[in-house]
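Single-structure report; data block below.
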Amino acid sequence: MTLAYRPGDGVLHALDPRAKLALQTAFALVAFAHTTPLGLALLTPLAVLAPYLADASPRAALGEFRVVLPFLVAGPVVTALTLGPPWIRPDAAVSAALASYRVVLVLLVAAAYVYSTPTRDSRAAVRWLLPGRVGQATGVGVALVFRFLPVLQSDIAGRRDAVNARLGSERPLRERIRLVAVGGLARALDRADRLSVALRARCFAWNPTPPPLAYRSRDWLATGAALALAAAALR
């Protein structure tokens, strides 16, 4: 599976991308403003629900970030260790664990947005928020990231499978990381070069006609929920 738009009939699919961006931003603000056990416990049901509203599952959404998750798990352990007495600081481990869990919740909501929003809609929403040349350039960047990231994920997975097929799993961990990382980086640079040539060959335009955006009643409800979350972040 790759982190990309998936056509469907979920609740989030029917929302305007601007409303979804507002919800995602407000959720992140609350998560960072209230990184406490109670605050994160209250946000967890919302984060778990988000992928379901995009016709996906939390497990599938977390699987998209399997490269990042080990670092989030290792963070509290590394933070708790010290080079001298008392050697282990439980308070530091708890603080780091809460921060890591906060990131997991934000990633779940972000995955739900990507699953439910076509790239063209995201670009149009960014251009609406940032009018002029800045919005055009930012919209292009957003569109390229959303279209390029799934391809890079697939390339890295293919590289890893190729290394394992050649008994790479028996090599030291550092050697396996080097083989996959170097091969993946070379593939990414090659794709970037070909993308540049393809854009020039197609007379790439900075200002294409965006899809129409229209707020409906459900979008106003979602925006109201986003404003409520933002207000909670300010408390």
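The values are calculated or read from the model by the stated rules, or taken from the named source; none is laboratory data. For clarity, every value in this text was computed on a predicted model and none was experimentally measured. Quick reminder, even Gly has a Cβ in these numbers, built from the backbone with ideal geometry, and neighbours come from all protein chains shown. When the accessible area is computed, the model is the full protein with side chains, heavy atoms only, and any ligands, DNA or RNA have been set aside. Shrake-Rupley method; radii C 1.70, N 1.55, O 1.52, S 1.80 Å.
Rank PHE27, PHE32 by accessible area, highest first, at a 1.4 Å probe radius? Numbers along the way, then the final one.
On the way: PHE27 10, PHE32 120 Å².
Order by accessible area, largest first: PHE32, PHE27.
Computing the accessible area with a 1.4 Å probe over protein heavy atoms, can you report the carbon and sulfur percentage for the chain?
Details: 9640 of 14080 Å².
Roughly 68 percent of what the probe reaches on the chain is carbon or sulfur.
Beta carbons within 10 angstrom, averaged per residue: use that to sort the peptides 191-197, 82-88, highest first. Present the calculation step by step, with values, prior to reporting the outcome.
Working: 191-197: 11.9, 82-88: 7.7.
Ranked by mean Cβ neighbours within 10 Å, highest first: 191-197, 82-88.
So if R0 is 25 Å, what FRET efficiency would TRP220 and LEU38 give, r being the distance between their Cβ atoms, rounded to the nearest 0.05?
0.25
Just to verify a number: what accessible area does LEU234 come out at with the full protein assembly present, 1.4 Å probe, Å² rounded to tens?
Its accessible surface works out to 150 Å², give or take rounding.
If I stretch the segment between ALA162 and ARG194 completely, what's the gain in nm (0.36 nm per residue apart, minus their alpha carbon distance), one decimal?
On the way: separation 32, 0.36 × 32 = 11.52 nm, distance 2.28 nm.
Full extension from ALA162 to ARG194 adds 9.2 nm.
Tell me the per residue accessible area of the chain using a 1.4 Å probe; a whole number in Å² is fine.
On the way: 14080 Å² over 235 residues.
Ligands and nucleic acids excluded, the result is 60 Å² per residue.
Taking the Cβ of ALA226 as the centre, find all other residues whose Cβ is under 14 Å away and add up their charges (Lys, Arg: +1; Asp, Glu: -1). Write out the running numbers ahead of the final one.
On the way: positive: ARG18, LYS20, ARG218; negative: ASP16, ASP219.
Surrounding charge for ALA226 is +1.
Let me check something: with ligands and nucleic acids excluded, how do ASP190, ASP155, ASP16 order by accessible area (1.4 Å probe), largest to smallest?
Numbers: ASP190 65, ASP155 25, ASP16 5 Å².
Listed by decreasing accessible area, they come as ASP190, ASP155, ASP16.
Return a whole-number percent for the relative contact order of the chain, with Cα pairs under 8 Å and 6 or more residues apart as the contact set. All intermediate terms of the calculation are to be shown ahead of the outcome.
On the way: 237 pairs, mean separation 76.6, N = 235.
33 percent.
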